[in-house]
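Peer 1: Before anything else, here's the structure in question.
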Amino acid sequence: MIYIGCHLSVTNGYEAMGRTMLSFGGKTFAWFTRNPRGGKTKSIIPEDAAKLNGLIKEQGLGPLVAHGSYTMNLCSSKDETRKNGLEMLRQDLERMELVPDNYYNFHPGSHTGLGTEKGIELIAENLNTVLKPDMTTTVILETMAGKGSEIGRSFEELQQIIDRIECKDKIGICFDTCHTWDSGYDIVNDLDGVLTRFDKIIGLDRLKAIHFNDSKNECGSHKDRHEKLGQGKIGIEALKRIALHPVMENLPFILETPNDDEGYITEIHTVTNWFI
Ligand code: FE
Ligand code: FE
Ligand code: ZN
């Protein structure tokens, strides 16, 4: 099976997200740990987090996949931006321990002119200052579409970050189907080939979560524009093959498709029905 869900708003707290997802018929969810574009954060009530933890156990929810802010850039050419990014990361990971044993996903960063190699070094260096052996969260790097100076556009770039990480058991990968397709991996005609490459370069044991999206653009477009399942260039048959692939078994699948609640509920049901 897979655990399917979508992004939810944290506005009404943690337990509310869990209850909302159960009402949607899903088994996992994602949320932005702070304003995705502004970086601001809401305080967390420990009792509320504890209630969500209870709900996860009671209802058998799969691992949750928190998402860091888009403004967090650990490899910016600007010192101030990097410093702020590191502070956001440190704070986010501290808070993640209130909902232990889940995933924290973020975009590796954009090097904004420093070059890929330097960018990779900075991302790893910053991660090494906050990843601790005793934390329960696994930090997962997202596969990126490769727009602008984004790092993480290839499995090789992601592995070069992982190579430099000291706490190797705290790091994994979030495979975004839209991004991976846009960056040039043909998951429609050669899914097994792409997964074999992933395994050779990174290792399938690092694959922890899927961002499950169709794409508005062609393979290799480097655009990053998500589409509803079955309405984009990846298409429903290819998406179904991905979800049902044996290496995906038990992974959390997060929808990041352009939908309202009704649309998400429909997609959650569509995917769930593939497993019946
Ligand atoms: Fe993302
Ligand atoms: Fe994503
Ligand atoms: Zn995206």
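Peer 1: With 129, 116 as the choices, which residue is farther than 14 Å from residue 171 by Cα and surrounded by fewer than 22 Cβ atoms within 10 Å (Cβ to Cβ)?
Peer 2: So the residue among 129, 116 that is farther than 14 Å from residue 171 by Cα and surrounded by fewer than 22 Cβ atoms within 10 Å (Cβ to Cβ) is 116.
Peer 1: Quick one: which of 205, 214 is surrounded by fewer than 22 Cβ atoms within 10 Å (Cβ to Cβ), free of Cβ contacts under 8 Å to residues at least 60 places away in the same chain and under 17 Å from the mean Cα position of the chain (by Cα)?
Peer 2: It is 205.
Peer 1: List the residue pairs whose Cβ atoms are under 7 Å apart, where the first residue sits in the stretch 223-235 and is closer than 13 Å to residue 176 by Cα and free of Cβ contacts under 8 Å to residues at least 12 places away in the same chain, the second is away from ligand 2 (no atom under 16 Å from the Cβ) and among the aliphatic types (A, V, I, L, M), and the two are 6 or more positions apart or on different chains.
Peer 2: Taking only residues 6 or more apart or on different chains, not a single pair turns up.
Peer 1: Follow-up. Of the conditions (1) surrounded by fewer than 21 Cβ atoms within 10 Å (Cβ to Cβ); (2) in a loop (DSSP other than H, G, I, E, B), residue 145 clears all except one; give me its number.
Peer 2: (1) is the only condition that residue 145 fails.
Peer 1: Could you check residue 44 against (1) within 19 Å of residue 254 (Cβ to Cβ); (2) at pLDDT below 95; (3) surrounded by 16 or more Cβ atoms within 10 Å (Cβ to Cβ) and say which number it fails?
Peer 2: Failed condition: (1).
Peer 1: May I ask you to list pairs of residues, at least six apart or on different chains, whose Cβ atoms are under 7 Å apart, with the first in the stretch 109-131 being hydroxyl-bearing (Ser, Thr, Tyr) and at pLDDT below 95 and the second being in a strand (DSSP E or B) and surrounded by 14 or more Cβ atoms within 10 Å (Cβ to Cβ)?
Peer 2: none
Peer 1: Further, regarding this structure: Residue check, residue 91 against (1) over 16 Å from residue 33 (Cα atoms); (2) more than 16 Å from ligand 3 (Cβ to nearest atom), all met but one. Which one?
Peer 2: (1)
The values are calculated or read from the model by the stated rules, or taken from the named source; none is laboratory data. This is a predicted model, so every value here is computed, not measured. Methodologically, a virtual Cβ is constructed for each residue, glycine included, from the backbone with ideal geometry; neighbour enumeration extends over all protein chains shown.
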